[in-house]
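**Student:** Take a look at this one; I'll ask things after.
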Amino acid sequence: MRHLAILGSTGSIGTNTLAVAAEHPDQFEVVALAAGTNVEEMVRQVNRFRPRLVSMATKEAAEAVRSRVDAGVKVMWGDEGVLSVATHPDADYVVSALVGSRGLRPTLAAIEAGKAIGLANKETLVTAGHIVKKAAERAGVTIYPIDSEHSAIFQCLNGERHKDVHRIILTASGGAFRDWTREQLAEATPEAALKHPNWSMGAKVTIDSATMMNKGLEVIEAHWLFDLPYDRIEVVIHPESIIHSMVEFVDGAVMAQLGTPDMRVPIQYALTYPKRLSLSTKRLDWIELGSLHFRRADFDRYPCLRMAYEAGRIGGTMPTVLNAANEVAVERFLAREISFLEMEKVIERVMERHQPITEPSLEAIDEADRWARSVAYDDRVCV
Ligand SMILES: NC(=O)C1=CN([C@@H]2O[C@H](COP(=O)(O)OP(=O)(O)OC[C@H]3O[C@@H](n4cnc5c(N)ncnc54)[C@H](OP(=O)(O)O)[C@@H]3O)[C@@H](O)[C@H]2O)C=CC1
Ligand SMILES: CC(=O)[C@@H](O)[C@H](O)COP(=O)(O)O
Ligand SMILES: [Mn+2]
């Protein structure tokens with residue numbers, strides 16, 4: 001039996017994690033939940049899963065939840081609340097599924113408290129990979145990947161020797177605009193960008209998918225998770241999202257993991273590893289599928305992917321800055337303050353202005369994150 005704490009329980013990964021828990025009530029107990037401001041969904045989750053502790057982002061949201069749930073459920077809010085969920089003494093496994101670099105501190109706290117981690121929040125590894133890795137090694141904690149590509153690689157590796165891996169190949173759907181020209185992208189709206197061709201996900205990762213920054217963040221995430229240099233991590237566009245990623249070994253053999261695009265599969269694998277449990281997911285129909293397609297992920301067409309490789313290779317605080325500038329750019333695009341193509345301009349300008357620090361401390365990461373956000377909010381970076 002796993003005793004779960006879920007950070008971001010009301011989101012896309014959070015609700016899929018609870019769907020997995022509901023399918024196997026004998027395997028999972030839900031101990032603690034943290035979310036932002038979605039009171040309705042949190043109240044539903046409390047009534048359904050009876051956690052001991054919940055936390056909301058604001059005092060107002062916490063009070064609204066408290067007024068509608070059993071008095072036995074402890075309701076907290078803010079940083080203290082989310083850290084208490086991440087370190088709840090009765091939880092042995094924390095699903096890290098907040099969105100953005102706000103996931104870093106609670107994930108680190110969970111690691112330091114010795115919890116096993118199911119990691120969906122890729123921004124945590126992008127912004128502070130070296131710190132998170134060292135903390136996990138120190139605490140003897142395993143980080144199980146939830147991101148579908150990384151779960152695929154984890155499944156393909158399946159005990160193979162690290163030195164036998166030649167390269168890993170991350171597949172990318174190409175996002176909502178994969179068939180649009182750069183000229184058409186100038187007119188892209190948030191509504192159109194939010195229509196992912198294959199996956200149903202939260203807004204931020206869906207926009208990242210349309211710019212291919214998602215794949216860029218995943219390249220950096222893979223670097224930390226699998227301890228591989230950037231020239232052995234490649235990206236190929238695969239519009240169907242059926243092959244979730246591949247590993248090529250030194251002898252030329254390639255292992256791929258396939259399945260319908262359903263996040264419950266990688267979530268459940270991360271929760272039950274090394275066991276597999278049954279799951280009510282749609283099975284692949286090979287005849288209906290017919291064929292699979294692949295295209296080059298061109299850096300001129302997808303500058304965000306190029307910038308992520310650059311940031312990863314530079315290292316230090318540069319990935320932190322890439323990530324923070326991207327978070328602000330996505331927020332501003334969704335608020336209609338900047339256009340689709342201005343997002344990449346913002347990120348590029350912020351990176352150009354940054355003098356990276358090597359081996360940054362957590363405080364230096366916070367400082368770089370704050371600095372990048374303030375520059376990315378400045379309208380002069382878009383012109
Ligand atoms: N969705 C997917 O299929 C995949 C997602 N990922 C990654 O997983 C992470 C989560 O993505 P996704 O589930 O799509 O995101 P969502 O936007 O759907 O969910 C985000 C969660 O974070 C909570 N949240 C937001 N702001 C705060 C805050 N200030 N304090 C506390 N909680 C907050 C939200 O709460 P509320 O809604 O209550 O405000 C919600 O529970 C991201 O890093 C994403 O890149 C990776 C692979 C696939
Ligand atoms: C489901 C998942 O893991 C997402 O991160 C997904 O990868 C998005 O797809 P693309 O970035 O390939 O469009
Ligand atoms: Mn992914």
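The values are calculated or read from the model by the stated rules, or taken from the named source; none is laboratory data. Given the structure is predicted, the values throughout are model-derived calculations rather than measurements. We place every Cβ from the backbone using ideal geometry, glycine too, and count neighbours over all the protein chains shown.
**Student:** Can you say whether E221 is in a helix (DSSP H, G or I) and either buried (at least 24 other Cβ atoms within 10 Å of the Cβ) or within 13 Å of ligand 3 (Cβ to nearest atom) (or both), as far as the supplied structure shows? Steps first, answer last, please.
**Tutor:** Details: in a helix (DSSP H, G or I): yes; either buried (at least 24 other Cβ atoms within 10 Å of the Cβ) or within 13 Å of ligand 3 (Cβ to nearest atom) (or both): yes.
Here the answer is yes, as E221 does meet what is asked.
**Student:** Residues that are in the same structural domain as I111 (by TED's automatic domain parsing), within 16 Å of ligand 2 (Cβ to nearest atom) and in contact with a strand residue (DSSP E or B) (Cβ under 8 Å, 6 or more places away or on another chain): does segment 39-47 have at least one? Talk me through it step by step, then tell me what you get.
**Tutor:** Filtering segment 39-47 down to residues in the same structural domain as I111 (by TED's automatic domain parsing) leaves 39-47.
Restricting the remaining residues to those that are within 16 Å of ligand 2 (Cβ to nearest atom) gives none.
Within segment 39-47, not a single residue is in the same structural domain as I111 (by TED's automatic domain parsing), within 16 Å of ligand 2 (Cβ to nearest atom) and in contact with a strand residue (DSSP E or B) (Cβ under 8 Å, 6 or more places away or on another chain).
**Student:** What's the number of the condition V346 fails, among (1) crowded, with 21+ Cβ neighbours inside 10 Å; (2) in contact (Cβ under 8 Å) with a residue 60 or more places away in the chain; (3) over 30 Å from A109 (Cα atoms)?
**Tutor:** Failing condition for V346: (2).
**Student:** Ok, one more. Kindly indicate which of A120, A128 is closer than 22 Å to T10 by Cβ and out of contact with any Cys (no Cβ under 8 Å at 6 or more places or on another chain). Spell out how you get there, then give the answer.
**Tutor:** On the way: A128 fails: closer than 22 Å to T10 by Cβ.
Testing whether each residue is closer than 22 Å to T10 by Cβ and out of contact with any Cys (no Cβ under 8 Å at 6 or more places or on another chain) leaves just A120.
**Student:** Return the only residue of K59, K74, K122 being buried (at least 24 other Cβ atoms within 10 Å of the Cβ) and among the basic types (K, R). Full working, then the answer.
**Tutor:** Numbers: K59 fails: buried (at least 24 other Cβ atoms within 10 Å of the Cβ); K74 fails: buried (at least 24 other Cβ atoms within 10 Å of the Cβ).
After ruling out the rest, the residue left standing is K122.
**Student:** For segment 326-353, how many residues meet the condition of being among the charged types (D, E, K, R) and outside any helix (DSSP H, G or I)? Can you show your working first?
**Tutor:** Step one: filter segment 326-353 for residues among the charged types (D, E, K, R), giving 327, 331-332, 336-337, 342, 344-345, 348-349, 352-353.
Keeping just the survivors that are outside any helix (DSSP H, G or I) gives 336-337.
The total comes to 2.
**Student:** Further question on the same structure: Among the numbered conditions (1) under 18 Å from the mean Cα position of the chain (by Cα); (2) surrounded by fewer than 21 Cβ atoms within 10 Å (Cβ to Cβ), tell me where P106 comes up short.
**Tutor:** (2)
**Student:** Here is a follow-up. Suppose the filter is of a type outside the set (V, I, T) and in a strand (DSSP E or B); does A256 pass it? Step through it out loud before you land on a result.
**Tutor:** Values: of a type outside the set (V, I, T): yes; in a strand (DSSP E or B): yes.
Yes: the conditions hold for A256.
**Student:** A follow-up question, please. Name, by its number, the condition in (1) under 16 Å from I220 (Cα atoms); (2) assigned by TED's automatic domain parsing to the domain that holds A172; (3) not polar (S, T, N, Q) that does not hold for R296.
**Tutor:** Unmet for R296, out of (1) under 16 Å from I220 (Cα atoms); (2) assigned by TED's automatic domain parsing to the domain that holds A172; (3) not polar (S, T, N, Q): (1).
**Student:** Continuing with this model, one more query. Looking only at segment 354-383, which residues are assigned to a loop (DSSP other than H, G, I, E, B) and either in the same structural domain as R105 (by TED's automatic domain parsing) or at negative phi (or both)? Lay out the reasoning, then the answer.
**Tutor:** Step one: of segment 354-383, the residues assigned to a loop (DSSP other than H, G, I, E, B) are 354-361, 377-378, 383.
Hits for segment 354-383 are H354, Q355, P356, I357, T358, P360, S361, Y377, D378, V383.
**Student:** Let me ask another. Looking at segment 231-249, is at least one residue part of a helix (DSSP H, G or I) and either outside the structural domain of T320 (by TED's automatic domain parsing) or within 14 Å of ligand 3 (Cβ to nearest atom) (or both)? Explain how you work it out, then say what you get.
**Tutor:** Taking segment 231-249 first, the residues part of a helix (DSSP H, G or I) are 231-232.
The next check asks that each one be either outside the structural domain of T320 (by TED's automatic domain parsing) or within 14 Å of ligand 3 (Cβ to nearest atom) (or both); those that pass are 231-232.
So far as segment 231-249 goes, yes, one or more of its residues are part of a helix (DSSP H, G or I) and either outside the structural domain of T320 (by TED's automatic domain parsing) or within 14 Å of ligand 3 (Cβ to nearest atom) (or both).
**Student:** Still on this structure, please answer the following. Just to be sure, is A116 touching a Gly at 6+ places or on another chain (Cβ under 6 Å) and away from ligand 2 (no atom under 16 Å from the Cβ)?
**Tutor:** Working: touching a Gly at 6+ places or on another chain (Cβ under 6 Å): no; away from ligand 2 (no atom under 16 Å from the Cβ): yes.
No: the conditions fail for A116.
**Student:** Yes or no: I207 surrounded by 12 or more Cβ atoms within 10 Å (Cβ to Cβ), within 21 Å of the chain's Cα centre (by Cα) and within 12 Å of ligand 1 (Cβ to nearest atom)? Give the steps one after another, and end with the answer.
**Tutor:** Values: surrounded by 12 or more Cβ atoms within 10 Å (Cβ to Cβ): yes; within 21 Å of the chain's Cα centre (by Cα): yes; within 12 Å of ligand 1 (Cβ to nearest atom): yes.
Criteria met by I207.
**Student:** Could you say whether any residue in segment 157-171 is under 17 Å from the mean Cα position of the chain (by Cα), in contact (Cβ under 8 Å) with a residue 60 or more places away in the chain and not in a helix (DSSP H, G or I)?
**Tutor:** If we filter segment 157-171 for residues that are under 17 Å from the mean Cα position of the chain (by Cα), which is where we start, we get 170-171.
In the following step, the residues that additionally are in contact (Cβ under 8 Å) with a residue 60 or more places away in the chain were identified as 170-171.
Then keep just the ones that are not in a helix (DSSP H, G or I); that gives 170-171.
Yes, there is a match, as at least one residue in segment 157-171 is under 17 Å from the mean Cα position of the chain (by Cα), in contact (Cβ under 8 Å) with a residue 60 or more places away in the chain and not in a helix (DSSP H, G or I).
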